[in-house]
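**Q** Below you will find the structure I want to go over with you.
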Amino acid sequence: MTERPIDPAASADPEARAQWPVRFPTILEGQPALVTGANSGIGRAVALGLAASGADVVVNYVVDPQAADDVAHQVEALGRKAITIKADVSNEEDVQSMFSSAIGRFGTLHIVVNNAGLQRDAPFHDMTLEQWNKVIGVNLTGQFLCAREAIREFKRRGVVKDISAAAGKLVCMSSVHQEIPWAGHANYAASKGGVMQMMRSLAQEVAPLAIRVNGVAPGAIRTPINRPAWETTEAYDSLMTLVPYRRIGEPNDIAQAVAWLVSDAADYVVGTTLFIDGGMMLFPGFASGG
Ligand code: NAD
């Protein structure tokens, strides 16, 4: 066995730790995957991670088709097939037509990652119904609509021997805010709390069909959605008071976990939420005092 090199400088420096080489074992061959919101941030890294693991990929987007094309080209450069499909996940017709195009192109889907999400922040007393509905519509109803189509296809097809032990794998992108209350973001926290209970109820319902449904709850990941939280040194330092591991998460931290979660290596993982947060859920305020 080759020993992993020890680099004391890297182990002490959070930036160097974030640059540690990323490797994806090729374990998803023959398993087409659909990732929503795959043209940015975490969704983009997940789409590329699944491709690096052997899956053909449907790259969903709603704005910025060029960024979606760029992801598709990178998937192809990894030797896999890709298509881009424009669809608003909160729109029932869009979602149904996206799934039928995807299945038409790849024959079926084995993996669906419900990743698309957004924030519309406001103090509670100023929050408009539009801001509330937009966040619930995309983050929760959008996940319901995509999950329903995914389950219909997994159920129709069933387990395919030599491809995967499961009839299908659905990952619901949640957040540490499915647990942690978040002042000024009540619509977002409510949507992620809803994702958790939808995911768990659905997992319980379809586990007997050999369909695995799980959640992933990122902490602070370096993407456009939370740019103000990491872009300046002051903001980054303040963020680090919430992260015991003392580095921000990178999109590949999530992509590597998702690639494992949808593989047969995780075949007994059902209805759980995997927190990927550098320890944000460890109540870091209690590290001293309390
Ligand atoms: P991002 O803004 O980079 O990506 C969000 C993606 O969702 C974009 O591609 C966007 O266009 C897409 N999207 C938005 N509305 C859509 C719609 N109606 N239909 C289809 N796509 C739509 O942000 P991100 O950080 O990569 O977020 C991805 C997911 O991770 C979200 O669900 C987010 O809540 C979750 N998350 C992110 C963090 C973080 O720190 N970045 C932490 C916890 C959870």
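**Q** Computed FRET efficiency, Cβ-Cβ of Asn133 and Gln66, R0 35 Å: what is it to the nearest 0.05? Could you put the intermediate results ahead of the total?
**A** Details: r = 29 Å, r/R0 = 0.82.
So, using R0 = 35 Å, E works out to roughly 0.75.
**Q** Related question: Please report the net charge: other residues with Cβ closer than 11 Å to the Cβ of Leu202, K and R +1, D and E -1. Each step should come with its number before you reach the end.
**A** Working: positive: Arg148, Arg200, Arg212; negative: Glu205.
Here the count lands on +2.
**Q** Something else now. Would region 1-159 count as rounded, prolate or oblate if I go by the C-alpha gyration tensor, calling it rounded below 1.5 in a/c and otherwise prolate when a/b exceeds b/c, oblate otherwise? Kindly include the intermediate steps, with their values, before the conclusion.
**A** Values: a/c = 2.18, a/b = 1.22, b/c = 1.78.
Verdict is oblate for region 1-159.
**Q** Let a ≥ b ≥ c be the square roots of the eigenvalues of the Cα gyration tensor of the chain; is it rounded (a/c under 1.5), or, if not, prolate (a/b larger than b/c) or oblate?
**A** Values: a/c = 1.57, a/b = 1.19, b/c = 1.31.
The shape class here is oblate.
**Q** Amide H of Val57: which non-local residues (sequence gap of 5 or more, or other chain) have their own amide H closer than 5 Å, using H built in the peptide plane?
**A** Result for Val57 returns Ala33, Lys81, Ala82, Ile83.
**Q** Lys and Arg at +1, Asp and Glu at -1: add these up for the other residues within a Cβ distance under 13 Å of Thr223 and post the number.
**A** Values: positive: Arg44, Arg222, Arg227; negative: Glu231, Glu250, Asp253.
Surrounding charge for Thr223 is 0.
**Q** Here's something else I'd like to know. Give, in nm to one decimal, the length gained when the segment between Ala122 and Ser100 is fully stretched (0.36 nm per residue of separation minus the Cα-Cα distance). Show your work: numbers first, answer last.
**A** Values: separation 22, 0.36 × 22 = 7.92 nm, distance 3.68 nm.
Between Ala122 and Ser100, full extension yields 4.2 nm more.
**Q** Order of 60-66, 16-22 by packing, highest average Cβ count within 10 Å first? Spell out each step's value before the answer.
**A** On the way: 60-66: 17.0, 16-22: 12.1.
Going by the mean number of other Cβ atoms within 10 Å, highest first, we get 60-66, 16-22.
**Q** What residues have an amide H closer than 5 Å to that of Val213, excluding those fewer than 5 places away on the same chain, when H is modeled at 1.01 Å from N in the peptide plane?
**A** When sequence neighbours closer than 5 places are left aside, the close amide H contacts are Leu170, Gly271.
**Q** Could you please report the charge total around Ala266, scoring K, R as +1 and D, E as -1 over all other residues with beta-carbon less than 14 angstrom from its beta-carbon?
**A** Charge balance near Ala266 sits at 0.
**Q** Continuing with the same structure: Evaluate the distance, in nm, between pseudo-label points positioned 7 Å from the Cα of Val269 and of Gln204 along their respective Cα→Cβ axes.
**A** 2.2
**Q** Sticking with this one: Pop the C-beta distance of Glu76 and Ile27 into the FRET formula with R0 = 25 Å and round what comes out to the nearest 0.05. Please report the intermediate quantities before stating the final value.
**A** Numbers: r = 20 Å, r/R0 = 0.79.
The value I calculate is 0.80.
**Q** Using a/c under 1.5 as the rounded threshold, could you call region 169-285 rounded, prolate or oblate? The axes a ≥ b ≥ c are square roots of the C-alpha gyration tensor eigenvalues, and prolate needs a/b larger than b/c, oblate otherwise. If you can, show how the numbers build up before the last one.
**A** Values: a/c = 2.48, a/b = 1.73, b/c = 1.43.
Prolate, because a/c is 1.5 or more and a/b exceeds b/c.
**Q** Beyond 21 Å between alpha-carbons counts as too far, so tell me which of Lys86/Lys134; Lys86/Lys161; Lys81/Lys192 fall in that bin.
**A** On the way: Lys86/Lys134 18 Å; Lys86/Lys161 32 Å; Lys81/Lys192 32 Å.
Long pairs (Cα-Cα over 21 Å): Lys86/Lys161; Lys81/Lys192.
**Q** So what J values fall out for region 59-70 if you push phi through Karplus, 6.51 cos²θ - 1.76 cosθ + 1.60 with θ = phi - 60°, rounded to Hz, Gly and Pro as x?
**A** Couplings: 9, 7, 8, 10, 10, 6, x, 5, 5, 5, 4, 4 Hz.
**Q** Still on this structure: How much accessible area per residue does the chain have, in Å², with a 1.4 Å probe?
**A** About 49 Å² of surface per residue is accessible.
**Q** Moving to a separate point now. Step through the residues of region 196-211 one at a time and calculate ³J(HN,Hα) from phi using the Karplus curve (6.51 cos²θ - 1.76 cosθ + 1.60, θ = phi - 60°), rounding each to whole Hz and writing x for Gly and Pro.
**A** Listing the rounded values in order: 4, 6, 5, 4, 5, 5, 5, 4, 5, 5, 9, 4, x, 8, 6, 9 Hz.
**Q** While we're looking at this one, here's another question. Give me the percent of the accessible area of region 2-279 that comes from carbon and sulfur atoms, probe 1.4 Å, all protein chains in place.
**A** Details: 6900 of 12940 Å².
Answer for region 2-279: carbon and sulfur cover 53 percent of the accessible area.
The values are calculated or read from the model by the stated rules, or taken from the named source; none is laboratory data. Since the structure is predicted, the reported quantities are computational estimates derived from the model, not experimental observations. With ideal geometry, Cβ positions are generated from the backbone for all residues, glycine too; neighbour counts draw on all protein chains shown. Each accessible area value is taken on the protein alone, full model and side chains, heavy atoms only, with ligands, DNA and RNA left out. Shrake-Rupley method; radii C 1.70, N 1.55, O 1.52, S 1.80 Å.
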